[in-house]
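Student: The structure that follows is given in the form of structure tokens.
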Amino acid sequence: MNMELLTQVLTAYGATGREGNVRAVIERALGAHADSVRTDAMGNLIAVKKGDGTGKRIMLSSHMDHIALVVIDADEHGFLRVCAAGGVPAGKMVAQHVAFGNGEMGVVGADGDAPAELTPAHLYIDIGADSREEALARVPVGEFAVAAPRVARMGEHRLASPAMDDRIACYALLEVFCALEDGMKNEVVAVFSVQEEVGLRGATAAAYSVEPDVGVALDVTATGDVPGAKGHLPMKLGAGAAVKILDRDMIATPWVVDAMLDAAQQAGIPAQREVLPFGGTDAAAIQRSRGGVPSGTISIPCRYVHSAAETVDLRDVQAAIDLTRAFVEREMP
Amino acid sequence: MLLSELTALRGVSGCEDEVRAALRKEAERILGGRGRVFTDTIGNLYACRDAREPGKKRAMVCAHMDEVGFIIRFATEDGLLRFDCVGGVDPRVIASRRVLVGENRVPGVIGFKAVHLMSDEEMKKAPDYSALSIDIGVSTKEEAERLCPPGSYATFDTAFMEMGDGFVMSKALDDRVGCFVLLRVLSESDYPGELCCVFTVQEEVGSRGARVAARRIQPDIALILEGTTANDMGDVPVEKQVARCGGGAVISLMDRSAIMDAQLRALAKQTAARRGIPAQDKRAVAGGTDAGPIHTSCGGVPSLVMAVPCRYIHFPASLCRLSDIDALGALTLALLEEVGKQ
């Protein structure tokens, strides 16, 4: 694993709807590996590796954005008021250090009289300003704040970072794509998508223009392997790449699931079956595009999803890379 | 066409016929053969003008024709109409309101138990749709359903008036103000590229018309003209206010359905500042708009919502300032001019 590139991908600023910096890092890393690279009107980065003309077109999608708080106003004492872009668990943002796209930094607080069940409306961001004028001059309405980027290595295999969802999969997709050889049967189109966290919006647009025969999202999935975990989630860290059966937005196409599980077994890649009673990935948007596209998701198990401590196991990341590569090399029906 | 004429038309989501017919006539008069006016199967109305210069972006400017209202489910044995809302109408604000039902505009009133007949429990609770009915003054199910068959639409019976220091009061300001401004755009814009003005249907139930229109037009850029909530009254602290009546055109940053294109939003703000057109940021992100399905259509479309701030939106009577309608028109025309230079 290229830890320097991984760190760059994990720490680039990229709130949902403001993915430009991440796109620049990824575009640089793609170098000359693609036959063509383009950015569409929404900001999706689309890299194409042509096949030999006898196979299918496979779209692989990882999203560059992550959840954010958006400034809507400031009070007279200079505290910024915010709303959420994407599913931000307000309680987990309190006391977090946040960064804005323009370089300003802040910390998140909650109204003293807020109820126990916090919503983004109860949050404020303290940027060290003393007045409404100063606050909005430094951070105007419409600026996006994200949990400040950092990476913590924990033990030999584990890594924690606020943007793990879904930069870890952007990194995995880069590894897969840059290792593709010329003259493959299948054409592979890597889409580094925007605005997944607010409703799969980037992938919706990209799926239309890419027009794939098969769609695969690379994303993180929740686990049930921490103390007191609720919901009987079978996924756990260190048990390999997760092959999604279903989530709230998609029932993965059965033959795609079977092909992924078969590819894992044949190549001896650690894999686990994923059933997620909530959430959704870009694959749902691809599956419902045009006249319908067979689609599935390869997931990287992640603890503490949608918090500043999103944690993955690098062995699972490697398994997801290996499985994705094995899948795109298969002959598609 | 006068704003008062536009808001008086009745066009609950799915039944925009009256609004479409009037706008069609007006659009044909404005274009006078210099473009095409047509509708599609879901009911959107298009008024399109060809490009005058090659290489310019195809612009879609849209406003929705539909308004929130009610649909009749059935009549009870004693002739009361049971109904539900179409689009988001808070049942707390509709009891005792006068409505017009069906094509024949049968007058009715939304009935609710009088205060001295309510139990303590009922007093504490706001009524929901199961507790409300429309009384059209007949005594049998047969007569009620003859006059107002199930599936009839009902709208608020609210007269348009100018009031105070430059306000108007009316039903359906959301989004007839947008339609009104869009007619002005159609008539005054010198946009050099292809210009498609689209009056959409079924926005209030999930922007269903806009989804179809975006696929048909496949625009390079989209402007969505709206009536938006103001919430600038009384004791609402400044950070909870969404926009201010009299503050000019509202430039959205995001809503539940779309994050506005950053470049287009910046260009709108610069254009307003440079030309002295009153404009303000929208300081909340509630609600969805036609930008939702448009901006993700085809390969993605840079989109921006701009709006007139309206108080008491989705209520029987809303208020807005005429100066803000002028500002939205001026800003839309100026922004199109800037986009036309690209």
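Every number in this text was worked out from the coordinates using simple rules, so none of it is lab data. Keep in mind the model is a prediction, meaning the values are calculated, not measured. Neighbour counts are summed over all protein chains in view; Cβ atoms, including those assigned to glycine, are modelled from backbone coordinates with ideal geometry.
Student: Dividing the convex hull volume of the alpha carbon atoms of the stretch A:178-291 by its residue count, what do you get in Å³ per residue?
Tutor: In the stretch A:178-291, the Cα convex hull volume per residue is 135 Å³.
Student: Can you tell which of A:ASP73, A:ASP35, A:ASP316 shows the greatest fluctuation in a Gaussian network model of chain A with Cα springs below 10 Å?
Tutor: A:ASP35
Student: Taking the mean number of other Cβ atoms within 10 Å as a proxy for protection, how do you rank B:60-67, A:80-87 from highest to lowest?
Tutor: B:60-67, A:80-87
Student: So how far, in whole Å, is the C-alpha centre of the stretch B:66-94 from the one of the stretch B:282-342?
Tutor: First find each Cα centre; the distance between them is then 29 Å.
Student: Further question: Take every residue in peptide A:196-203, count the Cβ atoms of other chains within 10 Å of its Cβ, and give the average of those counts.
Tutor: What the average comes to for A:196-203 is 3.
Student: A further question on this structure: Find the percent of Cα-Cα distances in the stretch A:68-147 that exceed 15 Å, and round it to a whole number.
Tutor: Looking at the stretch A:68-147, the distances longer than 15 Å represent 47 percent of pairs.
Student: Using the Kyte-Doolittle scale, which helices in chain B average at least -1.0 and also have C-alpha atoms spread 27 Å or more along the helix axis, with helices defined as whole DSSP H runs?
Tutor: B:322-341
Student: To the nearest Å, what is the center-to-center distance of the stretch A:152-188 and the stretch A:247-313, using C-alpha atoms only?
Tutor: First find each Cα centre; the distance between them is then 15 Å.
Student: Across 10 Å bins from the origin, how do the percents of Cα pairs in the protein assembly as shown run, short distances first?
Tutor: Calculated P(r), rounded to whole percents: 3, 15, 22, 23, 20, 12, 4, 1, 0.
Student: Can I ask one more? How much mean residue ellipticity at 222 nm does the protein assembly as shown get from its helices, if each DSSP H run of length 4 or more adds -39500 (n - 2.57) and you divide by all residues, to the nearest 500 deg cm²/dmol?
Tutor: Counting only the DSSP helices, I get -8500 deg cm²/dmol.
Student: So for chain A, averaging the separation of alpha carbon pairs under 8 Å that are six or more residues apart and normalising by length, what relative contact order in percent results?
Tutor: Here the relative contact order equals 22 percent.
Student: Give, as ranges by residue number, the residues of the stretch B:70-99 whose backbone N falls under 17 Å from the point 7 Å along Cα→Cβ of B:GLU142.
Tutor: B:75-80
Student: Compute the projected area of the convex hull of the Cα atoms of chain A, averaged over all viewing directions, and report it in nm² to one decimal place.
Tutor: Computing the convex hull of the Cα atoms and averaging its projections yields 16.8 nm².
Student: Let me ask something else. I'd like to compare A:8-17, B:104-113: which one has the highest average count of other Cβ atoms within 10 Å, and what's the full order after that?
Tutor: Listed from highest to lowest mean packing, they are A:8-17, B:104-113.
Student: Here's a follow-up. Over chain B, calculate the relative contact order: mean separation of alpha carbon pairs under 8 Å at least 6 apart, over the residue count, as a percent.
Tutor: 23
Student: I'd like to compare B:73-79, B:209-215: which one has the highest average count of other Cβ atoms within 10 Å, and what's the full order after that?
Tutor: Ranked from most to least packed, the peptides come out as B:209-215, B:73-79.
Student: Report the full-extension gain for the segment B:ARG34 to B:ARG256: residue separation times 0.36 nm, less the Cα-Cα distance, to one decimal in nm.
Tutor: 76.2 nm
Student: Can you give me the angle between helix A:254-267 and the longest principal axis of chain A, using Cα atoms only, in degrees from 0 to 90, rounded to the nearest 10?
Tutor: For helix A:254-267, the angle is close to 80 degrees.
Student: From the P(r) of the stretch A:239-299, could you give the percentage of C-alpha pairs in the tail past 18 Å?
Tutor: The share of Cα pairs beyond 18 Å in the stretch A:239-299 comes to 31 percent.
Student: Partner chain Cβ atoms within 10 Å, averaged over the residues of A:61-70 - can you pull that number for me?
Tutor: 1
Student: Please enumerate, by chain and number, the lysines with C-alpha under 18 Å from the C-alpha of B:LYS282, excluding those fewer than 8 residues away in the same chain.
Tutor: Straight-distance partners of B:LYS282: B:LYS240, B:LYS269.
Student: Could you tell me the relative contact order of the stretch A:1-97? Use alpha-carbon pairs under 8 Å, at least six residues apart, and round to a whole percent.
Tutor: 22
Student: Compute the long axis of helix A:201-210 from its Cα atoms, compare it with the longest principal axis of the Cα atoms of chain A, and write down the angle in degrees, 0 to 90, nearest 10.
Tutor: Computed tilt is about 30 degrees.
Student: What length, rounded to one decimal in nm, is gained on full extension from A:VAL107 through to A:ARG150, with 0.36 nm per residue of separation minus their alpha-carbon distance?
Tutor: Full extension of this stretch gives 14.0 nm more.
Student: In nm, to one decimal, how far is the B:GLU338 label point from the A:ASP262 one, both placed 7 Å along Cα→Cβ?
Tutor: Between B:GLU338 and A:ASP262, the label points sit 5.6 nm apart.
Student: Okay, next question. Could you tell me how many degrees, from 0 to 90 and to the nearest 10, lie between the Cα long axis of helix A:20-30 and the main elongation axis, the longest principal axis, of the Cα atoms of chain A?
Tutor: Approximately 30 degrees, to the nearest 10.
Student: For chain B, what is the percent of antiparallel DSSP beta bridges, rounded to the nearest 5?
Tutor: 65
Student: Just tell me how shielded A:141-150 is by partners: mean number of partner chain Cβ atoms within 10 Å of each residue's Cβ, no decimals.
Tutor: 2
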